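Visitor: A single structure is presented below for examination.
Just so it is clear, none of the values below were taken in a lab; they were calculated from the coordinates. Fair warning: this is a prediction, and the values are worked out from it, not measured in the lab. We place every Cβ from the backbone using ideal geometry, glycine too, and count neighbours over all the protein chains shown.
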Amino acid sequence: DQKSYDKDEL
Amino acid sequence: MNLFRFAGDILHLLSILVLLLKIHATKSCAGISLKTQELYLAVFITRYLDLFWNFHSLYNSVFKVVYIGTTSMIVWYMRRHRNVKLTYDRDHDTFRYLFLVAPCAVLSLLINARYNLFEILWTFSIYLEAVAILPQLVLLQRTKNVDNLTGNYVFLLGLYRAFYILNWVYRFATEPGYSAWLVWISGLIQTGLYLDFFYYYVQAWKQSKKLQLPS
């Protein structure tokens, strides 16, 4: 699965 | 987590608190767009749906709850509070929700990272946040004379977005493999919408004058 970096921001 | 991101989040929180305190203290919401506030509430609810099962950090969870809570309070004040609701400038706050919500909904169905309900709602929230300030900017333009707190609110919101861009630059430089195109492009568009306002805000500040937007 791709890393979902974007979801660690608000 | 870096300092830019932290500063961005704090500025975002501060902008909301400035608005909430203004409404609470003056019992007036003159110059505030209810449309923008309701769009932000929609943004927070669709983005933070994962609050209950996708735990990332206490920091994130607290901010999510606080953003939803404080924005709900603003909407409640503007719609329900017996004195505040009388000061709402509904005749000038006429921007249509549909003009913003419909394109964002279509775009989130077309361009997203994964095709499932929560991913699409999250993507929708990213697109909607980019344009949710527009009814507020239009209202400011129409009423011309901007009171200090409303001006500060929009300025703090713009500053929050600027710090998020610095945060992305920092992350791109320090985290191998980090990329988030969808968020970056939406964020750049969102920050771009503030540029015009920023120009007049800084001018007024330099000349120690009251902020007035041109027609």
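Visitor: Every residue in the stretch B:3-25 that is over 20 Å from B:Trp76 (Cβ atoms), among the small types (Gly, Ala, Ser) and surrounded by fewer than 21 Cβ atoms within 10 Å (Cβ to Cβ), please.
Guide: Correct list: B:Ala7 only.
Visitor: Can you name the number of the only condition in (1) within 14 Å of chain A (Cβ to nearest Cβ); (2) in a helix (DSSP H, G or I); (3) in contact with a helix residue (DSSP H, G or I) (Cβ under 8 Å, 6 or more places away or on another chain) that B:Val62 fails?
Guide: Condition not satisfied by B:Val62: (3).
Visitor: Just for the stretch B:55-94: of the residues that are small (Gly, Ala, Ser) and exposed (fewer than 14 other Cβ atoms within 10 Å of the Cβ), which one is farthest from B:Gln136 (Cα to Cα)? Let's see the steps before the verdict.
Guide: Within the stretch B:55-94, the first condition is being small (Gly, Ala, Ser), and the residues that meet it are B:57, B:61, B:69, B:72.
Retained after the next criterion (residues that are exposed (fewer than 14 other Cβ atoms within 10 Å of the Cβ)): B:57, B:69.
Working: B:Ser57: 32, B:Gly69: 20 Å.
The residue in question is B:Ser57.
Visitor: Is it the case that B:Phe44 is out of contact with any Leu (no Cβ under 7 Å at 6 or more places or on another chain), within 14 Å of chain A (Cβ to nearest Cβ) and touching a residue at least 12 places away in the same chain (Cβ under 8 Å)? Outline the logic, then answer.
Guide: On the way: out of contact with any Leu (no Cβ under 7 Å at 6 or more places or on another chain): yes; within 14 Å of chain A (Cβ to nearest Cβ): yes; touching a residue at least 12 places away in the same chain (Cβ under 8 Å): yes.
Answer is yes for this residue.
Visitor: Filter the stretch B:49-104 down to the residues that are in contact (Cβ under 8 Å) with a residue 24 or more places away in the chain and among the polar types (S, T, N, Q) and list them by number.
Guide: If the condition is that a residue be in contact (Cβ under 8 Å) with a residue 24 or more places away in the chain and among the polar types (S, T, N, Q), then B:Thr70, B:Thr71, B:Ser72, B:Asn83, B:Thr87 are the ones that fit.
Visitor: Oh, and also: Go through the stretch B:101-149 and give me each residue that's under 18 Å from B:Asp196 (Cβ atoms) and not β-branched (Val, Ile, Thr). Can you show your working first?
Guide: First, pick out the residues of the stretch B:101-149 that are under 18 Å from B:Asp196 (Cβ atoms): B:130-146.
B:Ala130, B:Ala132, B:Leu134, B:Pro135, B:Gln136, B:Leu137, B:Leu139, B:Leu140, B:Gln141, B:Arg142, B:Lys144, B:Asn145 - these are the residues of the stretch B:101-149 that are under 18 Å from B:Asp196 (Cβ atoms) and not β-branched (Val, Ile, Thr).
Visitor: On to the next question. Can you tell me which residue is surrounded by the fewest Cβ atoms within 10 Å (Cβ to Cβ) among those in the stretch B:105-138 that are touching a residue at least 24 places away in the same chain (Cβ under 8 Å), in a helix (DSSP H, G or I) and more than 15 Å from the chain's Cα centre (by Cα)? Walk me through it before giving the result.
Guide: Within the stretch B:105-138, the first condition is being touching a residue at least 24 places away in the same chain (Cβ under 8 Å), and the residues that meet it are B:111-113, B:118, B:121-138.
Filter again for in a helix (DSSP H, G or I), leaving B:118, B:121-131, B:134-138.
Next cut, more than 15 Å from the chain's Cα centre (by Cα) only: B:118, B:121-123.
Details: B:Phe118: 14, B:Leu121: 17, B:Trp122: 23, B:Thr123: 26.
Applying the filter and picking the extreme gives B:Phe118.
Visitor: Quick one: in the stretch B:171-203, of everything that is under 24 Å from B:Asn112 (Cα atoms) and touching a residue at least 60 places away in the same chain (Cβ under 8 Å), which residue is farthest from the other protein chains (Cβ to nearest Cβ)? Walk me through how you get there before you give the answer.
Guide: Filtering the stretch B:171-203 for residues under 24 Å from B:Asn112 (Cα atoms) gives B:171-172, B:175-193.
From what's left, touching a residue at least 60 places away in the same chain (Cβ under 8 Å): B:171, B:182, B:186, B:190, B:193.
Working: B:Arg171: 8, B:Leu182: 7, B:Ser186: 10, B:Gln190: 13, B:Leu193: 19 Å.
This residue is B:Leu193.
Visitor: If you don't mind, another one. So, of the residues in the stretch B:26-54 that are assigned to a loop (DSSP other than H, G, I, E, B) and of a type outside the set (A, V, I, L, M), which turns out to be surrounded by the fewest Cβ atoms within 10 Å (Cβ to Cβ)?
Guide: First pass over the stretch B:26-54, keeping only residues assigned to a loop (DSSP other than H, G, I, E, B): B:27-33, B:53-54.
The next check asks that each one be of a type outside the set (A, V, I, L, M); those that pass are B:27-29, B:31, B:33, B:53-54.
Numbers: B:Lys27: 14, B:Ser28: 17, B:Cys29: 25, B:Gly31: 24, B:Ser33: 26, B:Trp53: 7, B:Asn54: 13.
The selected residue is B:Trp53.
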